[in-house]
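Heads up: the structure comes next, in structure tokens.
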Amino acid sequence: MNEELVIRNGMVIDGTGAPSRLADVRVVEGVITELGRNLNVGSARTIDASGAYVAPGFIDSHTHLDPSMFWDPFCDPMPQHGVTTVVTGNCSLSLVPVRADTVEPVSDVFCFIEDMPTASFAEGIPWNWETFPDYRSSINGEGLAVHAVALLGHSVLRMYVMGEDSWERAATEEERARMARVLDESMAAGAFGFSTSRLDVDRHQRPVPSRLADMEELDSLLAVVGARGGRLVEFIPDLLGEHGLEDLEELARACGRRGVTSIWNGLAHSERQPEHSKSLMATVRRLRAEGIDVWPMMSPRTVDFRIGWQTSFVFLQFPKSWHRIPNADDDAERRRLLSDPTWRAAARHEWDTVTGQLFPTRSLDRVRLIEVARPELNRWLGQTFADLAHERGGHPSDVLADWVLENDLRPGVVVIGVANSDEGAVADLLVDPDTLISASDAGAHVQMMCAAGDTTLLLTRHVRDRGDLSVERAVHELTGKQAEVCGLRSRGLVREGLQADLTVFALDELTWKTDAFVDDLPGGASRLRRPPGGYRYTLADGVVTQDHGELTGALPGAVLDSQIA
């Protein structure tokens, strides 16, 4: 598979933040062997990088590509946006460890929280493993277009050890020991650590199993990670709760006591609460000043989403009314509820009284109508729900209920700018040295948004167009810095002796385009896909995975072994 090649005449950005320099890059058997001007080509294959940068392949440290890697080992469109390594198993959710009796509940909670079709899990995942070594062998059998840094999901680990009790209580001493043993065996076989959540619930409003863990249980798992070199823990603090900052600090300190590097998701700029992100960053800076290696993840993308009407957590704060609609058993139940006066009364009450929800009941101009079921409704395409509610009158909840019914229970509705809508404020967070530019969520919420392409948005909007970062600083943020945080010793830099994960691009050729639906999921479901970003080449282990936006069919990647990565 591997060959000798020379990437010629490019401006090499090495991933450290140092200035770019004109150089050729020689790759032999997947390893960078030489950097310099006018290297002897001989019989090697050549790639012309004239007028372009040659940089390390980008690392995305927050994805949910674990399921789709089985039906789409190319991880489309990640390579087309320069990505060569992704972190999976985030938010307390993974596909391992499982037994036959836990496959269904694992699938259900994963599909609900990450908005993925359950049919795709049933038809597209072989589930031919129980433990991490067998999982890794299964997914590596055919190869991948990217490398994966795999974490174990704490909720899934609890379900494996405790069964149904994992949803009800803290673990016993014996159960803690079993969880620690499974985690240790998994890390010995290549896992990098684990993830946990104190925020999420399942479709029935039950806290996910990781939320039932006490600090003794958490520490028993952190002790394993610490003993294995303090690799990586990803956590989701309950920032929506009354004591969000305290929760963040407690989790970070627990990791710090064991010498474990931690990354967490939930940092974004809110125009409604502009001081919130400042408070979060003040807490992070104080913790880091004490020597605690904790990193908040930050995406440059506005938080937009298309509402899925067959499963969704968008209306999570409307448990008695709207949350029941996308999560109903079937369309007959949806129609019954939407037409029921009692349900409508409950919906109006929650609409008026609930605060802090994802669906912006106080800013209906941020809800756009993008798809209708009948020609006579076409005039509403592109308009906002505020326009619709104003013309039709009555309570907005009733207007929405009527609109869903009018459109055969599948109206195209997109919520725009839930967070990160102020580009300047976003830039302030991105350039903060204590943040990790990541949190794409690629692979999740596939019918609400395409989360792939954050790398391209950073390079186009914040480097080329706004000048918030130099291209060298941006590449460092996406490569060398990520590799150091994630514990990757052989990737993330253009340096002799390291693996040849590389991307070749010219800033003026990059484009960040709107996503569009494609019908390629198992079970016949659709997903939103972002078009290629304009990169010339992406290479994983020295093999070209995409060439000018087209996947090559090569699968040189794998779930990495933490012992040698």
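Inspect all residues belonging to region 459-475 and state whether any of them is in contact (Cβ under 8 Å) with a residue 40 or more places away in the chain, surrounded by fewer than 24 Cβ atoms within 10 Å (Cβ to Cβ) and among the hydroxyl-bearing types (Ser, Thr, Tyr).
Looking for residues that are in contact (Cβ under 8 Å) with a residue 40 or more places away in the chain, surrounded by fewer than 24 Cβ atoms within 10 Å (Cβ to Cβ) and among the hydroxyl-bearing types (Ser, Thr, Tyr), one finds at least one in region 459-475, hence yes.
Could you give me the residue pairs with C-beta distances under 6 Å whose first residue belongs to region 274-287 and is closer than 13 Å to GLY244 by Cα, whose second residue is of a type in the set (Ser, Thr, Tyr) and not in a helix (DSSP H, G or I) wherever it lies, and which are 6+ apart or on separate chains?
HIS276/SER270
Every residue in region 315-362 that is among the acidic types (Asp, Glu) and part of a helix (DSSP H, G or I), please.
Narrowing region 315-362 to residues among the acidic types (Asp, Glu): 329-331, 333, 340, 350, 352.
Residues satisfying the conditions are ASP331, GLU333, GLU350, ASP352.
Picking from ARG169, ARG178, which residue would you name as being assigned to a helix (DSSP H, G or I), more than 30 Å from ARG491 (Cα to Cα) and among the basic types (Lys, Arg)?
Just one listed residue meets the conditions, ARG178.
Can you report the number of residues in region 368-408 which are under 19 Å from ASP331 (Cα atoms) and loosely packed, with under 12 Cβ neighbours inside 10 Å?
Qualifying residue count, region 368-408: 1.
Which fully enclosed strands (runs of 3 or more DSSP E) of region 470-565 have 3 or more residues being over 22 Å from the mean Cα position of the chain (by Cα) and farther than 30 Å from ASP293 by Cβ? Step through it out loud before you land on a result.
Values: elements: 502-505, 516-518, 527-529, 537-540, 543-547.
Here the list reads 543-547.
Show the residue pairs that are 6+ apart or on different chains and have beta-carbon atoms under 8 Å apart, the first residue being within region 18-40 and surrounded by 12 or more Cβ atoms within 10 Å (Cβ to Cβ), the second being aromatic (Phe, Trp, Tyr).
SER20/TYR53
Which of the following residues is buried (at least 19 other Cβ atoms within 10 Å of the Cβ), under 29 Å from the mean Cα position of the chain (by Cα), of a type in the set (D, E, K, R) and within 21 Å of ILE263 (Cβ to Cβ): ARG306, ARG301, ARG324, ARG288? Before the answer, list the steps.
On the way: ARG306 fails: within 21 Å of ILE263 (Cβ to Cβ); ARG324 fails: within 21 Å of ILE263 (Cβ to Cβ); ARG288 fails: buried (at least 19 other Cβ atoms within 10 Å of the Cβ).
Unique residue meeting the criteria: ARG301.
Inside region 84-115, can you point out the residues that are closer than 20 Å to ALA145 by Cβ and either over 13 Å from the mean Cα position of the chain (by Cα) or hydroxyl-bearing (Ser, Thr, Tyr) (or both)? Talk me through it step by step, then tell me what you get.
Keep residues of region 84-115 that are closer than 20 Å to ALA145 by Cβ, which gives 84-90, 95.
THR84, THR85, THR88, LEU95, listed by residue number.
For region 151-169, does any single residue satisfy the condition of being farther than 15 Å from VAL103 by Cα and among the hydroxyl-bearing types (Ser, Thr, Tyr)?
No; the residues of region 151-169 include none that is farther than 15 Å from VAL103 by Cα and among the hydroxyl-bearing types (Ser, Thr, Tyr).
Consider only pairs whose beta carbons are under 6 Å apart and that are at least six residues apart or on different chains; among these, list those whose first residue lies in region 170-199 and is modelled with pLDDT under 95 and whose second residue is surrounded by 21 or more Cβ atoms within 10 Å (Cβ to Cβ).
Matching pairs, first to second residue: LEU199/ILE236.
The values are calculated or read from the model by the stated rules, or taken from the named source; none is laboratory data. Note that the structure is a prediction, hence the values are computed from the model and not measured. Heads up, the Cβs are rebuilt from the backbone with ideal geometry, glycines too, and the neighbour counts pull from every protein chain shown.
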